[in-house]
Amino acid sequence: MLSQKTRYAIRAMQHLADHYGQGPIQLAQIAEAQNIPAKFLTTILSELTRFGIVDSQRGKDGGYWLAVAPVDITYGDLIRIMRGSLALVPCASRFAHEKCKNCLEEGDCRTRALMLEVRDRTADLLDGIRLSDRIDPVPAQEEDEAA
């Protein structure tokens, strides 16, 4: 599962993409609109600023904005920045590879082979969707009335 930090980062970046080219967006506006605790959002936006995809300005008229056009940011990029990897297990990570503890040799492990396939398909999907792409919300599912 994605961490809460990664989910908040995605929502904040979507908000900034929706307001791309409109100047600085105040932290409080992002926090309220996206239901993200302001203190946590400050940390997330600072991290994204260090990676160069968000920029900021202090002061009364300050705020945050995308430093890179939304068309140039994929969801795969964003998740890698926040998580470090798309892989579900360390032995399937491309950039943060580690042998799993208490496992088979990598060449004999079918679970690793499966997770490599999952990683590659996930990367293909997430690297093909850009922050500029329209994503419509899906209506919430009704609770099963038969229960």
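Which value, in debye to the nearest 20, describes the size of the charge dipole of the chain about its Cα centre when Lys and Arg Cβ atoms bear +1, Asp and Glu Cβ atoms bear -1, and nothing else is charged? Numbers along the way, then the final one.
Values: 18 positive and 21 negative charges, 148 e Å.
Result for the chain is approximately 720 debye, rounded to the nearest 20.
What ranking of V71, V138 comes out by heavy-atom accessible area, probe 1.4 Å, highest first? Don't skip to the answer; put the middle values down first.
Values: V71 75, V138 130 Å².
These residues rank, largest area first, as V138, V71.
Between D61 and S132, what FRET efficiency follows from the Cβ-Cβ distance if R0 is 30 Å, with the result rounded to 0.05?
Working: r = 26 Å, r/R0 = 0.86.
Given R0 = 30 Å and the Cβ-Cβ separation, E is 0.70.
Quick check: Cα centre of segment 116-139 to Cα centre of segment 10-50, how many Å?
If you average the Cα positions of each part, the centres end up 21 Å apart.
Using a Gaussian network for the chain with springs between C-alpha atoms less than 10 Å apart, which of these wobbles most: K60, K99, K39?
K60
Once the dipole of the chain is set up with Lys and Arg at +1 and Asp and Glu at -1 on Cβ about the Cα centre, which of Q14, F51, A113 lies farthest towards its positive end?
F51
Tally Lys/Arg at +1 and Asp/Glu at -1 over every other residue whose Cβ is under 12 Å from the Cβ of G52; what's the total?
Details: positive: R50; negative: E47, D55, D72, D77.
The answer is -3.
What residues have an amide H closer than 5 Å to that of S93, excluding those fewer than 5 places away on the same chain, when H is modeled at 1.01 Å from N in the peptide plane?
E98
Got the relative contact order for the chain handy, in percent, Cα pairs under 8 Å and 6 or more residues apart?
In percent, rounded to a whole number, it is 22.
Using the Cα atoms as the points, what is the convex hull volume per residue of the chain in Å³? Show your work: numbers first, answer last.
Numbers: hull volume 24.7 nm³, N = 147.
In the chain, the Cα convex hull volume per residue is 168 Å³.
Set the Förster radius R0 to 25 Å, insert the Cβ-Cβ distance between N35 and C100 as r into 1/(1 + (r/R0)^6), and round the FRET efficiency to 0.05.
The computed FRET efficiency comes out at 0.10.
The values are calculated or read from the model by the stated rules, or taken from the named source; none is laboratory data. Note that the structure is a prediction, hence the values are computed from the model and not measured. Glycine also receives a Cβ, built like all others from the backbone with ideal geometry; neighbour counts cover every protein chain displayed. These accessible areas exclude ligands, DNA and RNA; they are computed on the full protein's heavy atoms, side chains included. Shrake-Rupley method; radii C 1.70, N 1.55, O 1.52, S 1.80 Å.
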